[in-house]
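**Student:** There's a structure below that I have some questions on.
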Amino acid sequence: MKQSNAAEKLTADQNQLAKHAIQVHKFGGSSLASAQCIVRVVDIIRQHCQLNDIVVVSANGGTTDALFALYHQAILQTETLEISLHDIKSMQAQLISELLSSSNEKRLLTQLDADCAQLKKWLENSPQQHQADILAFGELWSARLLSEVLSEKVCPSFMVDSRDFLVIDNDKACQVNTQVSKTQLYQLKQRHKLAVITGYIAKNSQNETCTLGRNGSDYSATIMASLVGALNVTLWTDVDGIYSADPRVVPSARKLHRLPNGVAKELGRLGNPVLHAKTLQPLTDHSTHLHVASSFDPSISGTEIGKFGQIAKQELSVTFLNDLLLAQSDSFTGNLGEQAQQEFSAVCGDDKAGFIVIHQEQQKAVSQWLASHDTEVKFTPASILATVGHKVIHHGDVQARFKRSLRHSKTFARVNSPNEHSIMAVLTQACTTELLNNVHHDMTKDARHIGLVVAGLGNIGERFLEMLPAQLSRVPALENVHLVGLVSSKKALFNNDGIEVNQALSLYQKDAQPIDKSELMSWLANHPYDELVVVDVTPSEQFSLLYEDFFKQGIHVIGANKWAASSSTDNYKSLLASAAKSKSLWFGNTTVGAGLPINYAINDLLNSGDNITEISGIFSGTLSWIFETYDGTLPFSKLMLDALSQGITEPDPREDLSGRDVQRKLLILARAAGFELSLADIKCQNLVPDALQTLSIPDFLAAADQLDSFFSEQLNQAKEQQCCIRYIARFSVSESGKLTAKVGLEVLSNNDAFANLTPCDNIFQIKSGWYQENPLIIRGPGAGRDVTASGIHSDLVNICQRLNTRQSQVKLKGID
Ligand SMILES: NC(=O)C1=CN([C@@H]2O[C@H](COP(=O)(O)OP(=O)(O)OC[C@H]3O[C@@H](n4cnc5c(N)ncnc54)[C@H](O)[C@@H]3O)[C@@H](O)[C@H]2O)C=CC1
Ligand SMILES: N[C@@H](CC=O)C(=O)O
């Protein structure tokens, strides 16, 4: 969940901090089914509630079913009534005893005795008259117990029987008398205490108990939210969100992290197992957000329902309703047809073709209605299969895809819903699992939405962003990638609805806000995407220290930054282990050789069973460019400044001249080849004189001519032997397993393979079991804006291809 606003155990006087923006938390029966579940709920309340909030509860799991069974036994006057009553009482008594201290336990057991005596009386004497009163005990017991446990363990709490304030004017349509209910609720509220209120039950205008129908507690929660103007309602349940299809039937269904209100309502109407048709009704007038979250694993972000921008509006889902009736009659055409659709809240209908689709239990009412119009009707068993999405009926491509996905099925008709959020196929046979899976696949392409955050908006980051719009529009694997974050060392811009890629940098300049590490991590931890990829194009060690946290959150990383991959052996191993544990992907092909596929080649040899014995070459684009160009005509320092202005050096060129950058690259490759070593194991020749090593970057650049005499001397000596100077990296492993690694300036014959590169090119020479006599050579541009940014794009495509084929993990009832 987004916030952790823990309610400490506070006395009344300490409660000045109680916040005013009320949230409603509703816990379903499965979340309260056992003492263990209730302890989990208490923990959630401790983490997520404050004293002004409202907690709404269903009956403890299984209790409403047991009360229904009691009621039916009472009607049938079966002999098992006594035993069943005893069972239900024992279950409650056990929960009380397991959860409460002895004095409160005694008090609640006495109340339970009294309740059960009353229950018995009603069951024996007048069950039909008291059906709702009988069912109401479930919520009553659940609320009473939870509020006692909270008072003992978390904060002062009190229980409210919703029949003391919630008035339903019309039993059938469950119309709330808002004015009366609101006034009475405010009278009942106690300052500085957390209210635990019964869901599912209310009273009618005759002051009798009534129920809000199956799953009515969700409806109770949203009614209460609308009465108190709550900002958020969280439905804590046994699933971790709403999926693009029922995940028990469609394994490739993916979680919908954000659903626009209208779409959620339509899903509820058309059979979504989590959302119920009435739940969203009370929330139409103001901007309350609804969350669906798992009480079995509150750390998983669930589904948020509310007002969202473009990306959330792109989501498509598929749902179905079986056991319906197709009713065809002349009376269902024209105005009368429209009237019939409204009268029976038809699932769908067509007033030109003359049919409506209704629930089976409405058959009698429909027949009677038609009899009064003296028309005939034909009823046929039917089902509907629908694709649901924001204003989906207006999307020609979705219409065409839906039609195509149904090409092998016998479809009676296709109908657009009047609210514009669904296209329904009416079938005269049941919708099968196979059909649902096929249509889901065709409609959603089992697509996963991938959020992209770019950190580091300098030389390479800027070029990466310039290339991004064209990449997104032409590479199929990037179809569902959304740029959602831009981060520099001081500021960040985040937008869950996506940052317009064509204006990314100007939007960043205009809207970015200062950010610290904890704000950054909090945003990243709460992103609403199936997957999040962070591209690290900073040169920052600080930023690389966040990788561990990224991996713990399941975030994927593409790094051009070399710090993490060349950090200490312990840290490197721990990063690999964290990434593996949370299935995070970590790509860093551009850390060595920019866009050249050197890391891929090494991985491939290793994965194919080859043994690498030697890696050597020129690994620095900067040093390649400088030494290939340096013939004594221009001073060395002039060439270095030139390389800096071309964007091929590190932000501080001393990283290159000191050999550190090459040392890191050699370490990265040796590790990729399967060897365990650290930077200290690689001898490094530093070409920066001591006097220049500690200067600021501007001071170093101003004093760069102090480099010249050393290099001119080295060059002249080499020339005398018909040779040249190059900065070379060498790694080798002997037959006995001894590792040797060094980077430094070497004098090479002018004919050497490393001596004749195009300036700025890198060359990598690999010897292995398979490439012994004739080594594998990879050569090409190894630094620069274009090649590095395109190398990062290549990593992004690779990551997205892998992520797109991943199945989402459905969590039901907290089972891993
Ligand atoms: N220039 C090249 O040819 C290649 C560069 N790289 C690597 O790419 C990375 C970026 O290089 P350039 O773009 O040339 O550097 P740059 O200095 O032009 O840009 C770096 C950007 O990172 C930002 N930054 C610094 N610390 C940060 C932090 N803690 N959090 C967020 N942002 C931060 C800076 O504000 C700046 O916008 C470096 O790690 C470099 O080693 C890798 C391969 C080739
Ligand atoms: N300065 C580096 C840039 C890439 O890592 C180089 O020249 O290779």
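Readers should treat all values here as calculations from the given coordinates under stated rules, not as data from a laboratory. Source: prediction; values computed, not measured. Virtual Cβ from ideal backbone geometry, glycine too; neighbours counted across all protein chains shown.
**Student:** Could you tell me whether region 83-212 comes out rounded, prolate or oblate from its Cα gyration tensor? Rule is a ≥ b ≥ c as square roots of the eigenvalues, rounded for a/c under 1.5, then prolate if a/b exceeds b/c, otherwise oblate. Mind dumping the intermediate values first?
**Tutor:** Values: a/c = 2.76, a/b = 1.15, b/c = 2.40.
Verdict is oblate for region 83-212.
**Student:** On to the next question. May I ask you to order 362-373, 671-682, 484-495, 347-358 by the average number of other C-beta atoms within 10 Å around their residues, highest value first?
**Tutor:** Details: 362-373: 13.8, 671-682: 16.9, 484-495: 19.7, 347-358: 21.2.
Order by mean packing, descending: 347-358, 484-495, 671-682, 362-373.
**Student:** Apply the a/c threshold of 1.5 to the C-alpha gyration tensor of region 476-532 and tell me whether it is rounded, prolate or oblate. Provide the component values of the computation, followed by the final result.
**Tutor:** Details: a/c = 2.53, a/b = 1.21, b/c = 2.10.
Oblate, because a/c is 1.5 or more while a/b does not exceed b/c.
**Student:** Taking only complete DSSP H runs, can you tell me which helices of the chain stretch 30 Å or more along their own long axis by Cα positions and average at least 0.0 on the Kyte-Doolittle scale? Write out the running numbers ahead of the final one.
**Tutor:** Values: long enough: 102-125 (34 Å, -0.93); 131-153 (35 Å, 0.27).
Helices meeting the criterion: 131-153.
**Student:** Return the Rg/Rh value of region 651-699, two decimal places, where both radii are evaluated on C-alpha atoms and Rh is the Kirkwood radius.
**Tutor:** 1.08
**Student:** How big is the antiparallel share of DSSP beta bridges in the chain, given as a percent to the nearest 5?
**Tutor:** Percent antiparallel among DSSP bridges in the chain is about 60.
**Student:** Distance from the Cα centre of region 249-278 to that of region 770-793, in angstrom?
**Tutor:** 48 Å
**Student:** Over region 598-783, with a single point scatterer placed on each C-alpha, what log10 of the ratio I(q)/I(0) does the Debye formula yield at q = 0.14 1/Å?
**Tutor:** Each listed q maps to, in turn, -0.78.
**Student:** From the square roots a ≥ b ≥ c of the eigenvalues of the alpha-carbon gyration tensor of region 3-238, which class results: rounded (a/c under 1.5), prolate (a/b over b/c), or oblate? Write out the running numbers ahead of the final one.
**Tutor:** Numbers: a/c = 2.02, a/b = 1.32, b/c = 1.53.
Verdict is oblate for region 3-238.
**Student:** Could you tell me how many cubic angstrom of Cα convex hull volume the chain has per residue? Kindly include the intermediate steps, with their values, before the conclusion.
**Tutor:** Working: hull volume 177.4 nm³, N = 816.
Dividing the Cα hull volume of the chain by its residue count gives 217 Å³.
**Student:** Express the C-alpha Rg of region 450-581 as a ratio against the empirical globular expectation 2.2 N^0.38 Å, rounded to two decimals. Write down the numbers at each step before the final one.
**Tutor:** Working: Rg = 14.4 Å, N = 132, 2.2 N^0.38 = 14.1 Å.
Relative to the 2.2 N^0.38 Å estimate, region 450-581 comes out at 1.02.
**Student:** Moving to a separate point now. Students often forget the sequence filter, so: which aspartates and glutamates lie under 14 Å Cα-Cα from Lys510 once same-chain residues fewer than 8 apart are removed?
**Tutor:** By straight Cα distance, Lys510 reaches Glu500.
**Student:** OK, next. What whole-number distance in Å separates the alpha-carbon centres of region 320-387 and region 106-124?
**Tutor:** So the separation of the two Cα centres works out to 46 Å.
**Student:** Still on this structure, please answer the following. Under 19 Å between alpha carbons, and skipping anything fewer than 8 positions from Lys738 in its own chain: which aspartates and glutamates qualify?
**Tutor:** Asp610, Glu614, Glu676, Asp681
**Student:** Below 24 Å, Cα to Cα, which lysines can Lys352 reach? Residues fewer than 8 away in the same chain don't count.
**Tutor:** Cross-link targets: Lys364, Lys378, Lys391, Lys403, Lys410.
**Student:** Here is a follow-up. Which value, in debye to the nearest 20, describes the size of the charge dipole of region 3-238 about its Cα centre when Lys and Arg Cβ atoms bear +1, Asp and Glu Cβ atoms bear -1, and nothing else is charged? Can you show the working numbers first?
**Tutor:** Working: 20 positive and 24 negative charges, 141 e Å.
Its charge dipole is roughly 680 debye.
**Student:** In the structure shown, do any of Lys517/Lys581; Lys153/Lys255; Lys562/Lys742; Lys313/Lys562 have a Cα-Cα gap over 29 Å, and if so which? Intermediate values should be presented prior to the final figure.
**Tutor:** Details: Lys517/Lys581 23 Å; Lys153/Lys255 34 Å; Lys562/Lys742 18 Å; Lys313/Lys562 38 Å.
Beyond 29 Å: Lys153/Lys255; Lys313/Lys562.
**Student:** Further question: Find which of Pro251, Asn607, Tyr630 sits farthest along the positive direction of the dipole of the chain, computed with +1 on the beta-carbon of Lys and Arg, -1 on that of Asp and Glu, about the Cα centre.
**Tutor:** Towards the positive end, the residue furthest out is Pro251.
**Student:** GluC sites (Glu not before Pro), restricted to region 410-503: which are DSSP loop and have at most 14 other Cβ atoms within 10 Å? Write out the running numbers ahead of the final one.
**Tutor:** Numbers: sites: Glu420, Glu434, Glu462, Glu466, Glu479, Glu500; in loops: Glu420, Glu479, Glu500.
Of the GluC sites (Glu not before Pro), the ones in loops of region 410-503 whose Cβ has at most 14 other Cβ atoms within 10 Å are Glu479, Glu500.
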